[in-house]
Amino acid sequence: SMAGDVEDWEITNQTMMDHPIHIHGTQFQLVSRGSGALVTPAPFAAWIDTVDVPSGTTATLRMRQDMPGKRMVHCHILEHEDAGMMAVLEVRPR
């Protein structure tokens with residue numbers, strides 16, 4: 001990611017459990033949720049930092065990274081995070 005860019009992320013949950021996904025230091029909007037061919041727009045455009053992605057669905061998020069640096073992206077279920085469901089997002093300066 002580059003600082004200042006607006007990005008849409010699609011997070012797909014192909015597991016049998018829900019996953020509340022959290023992005024440190026970043027707020028985003030839920031654009032829509034999808035299940036198969038059915039896509040439902042988000043009911044409102046609130047700024048959030050955690051979104052639940054239910055089993056078998058895709059969540060589309062829109063965000064803008066303003067601050068360069070590294071931050072964590074992870075499932076907010078501690079056992080899932082401990083098992084490795086996390087990543088480092090690096091935002092590069094322009």
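The table below lists the values:
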read-out: Long-range HN-HN contacts of residue 18 with modeled amide H, under 5 Å; value: 55
read-out: ³J(HN,Hα), Karplus 6.51/-1.76/1.60, whole Hz, each residue of region 58-68, x for Gly, Pro; value: 10, 10, 9, 10, 10, 8, 10, 8, 8, 10, x
read-out: Ellipticity estimate at 222 nm from DSSP helix runs (n ≥ 4, -39,500 (n - 2.57)) divided over the chain, nearest 500; value: -1000 deg cm²/dmol
read-out: For region 23-94, fraction of C-alpha pairs farther apart than 17 Å, in %; value: 52
read-out: Dipole magnitude (debye, nearest 20) for the chain, charges at Cβ of Lys, Arg, Asp, Glu; value: 320
read-out: Carbon + sulfur, % of accessible area of the chain - ligands and nucleic acids excluded, 1.4 Å; value: 58
read-out: Estimated inter-spin distance, residue 2 and residue 15, nm [label 7 Å along Cα→Cβ]; value: 3.4
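The values are calculated or read from the model by the stated rules, or taken from the named source; none is laboratory data. Remember, predicted model here, so these are calculated numbers, not experimental data. Here Cβ is always computed from backbone atoms with ideal geometry, including for glycine, and neighbour counts include all displayed protein chains. Just the protein is used for accessible areas: all its heavy atoms, side chains included, with ligands, DNA and RNA removed. Shrake-Rupley method; radii C 1.70, N 1.55, O 1.52, S 1.80 Å.
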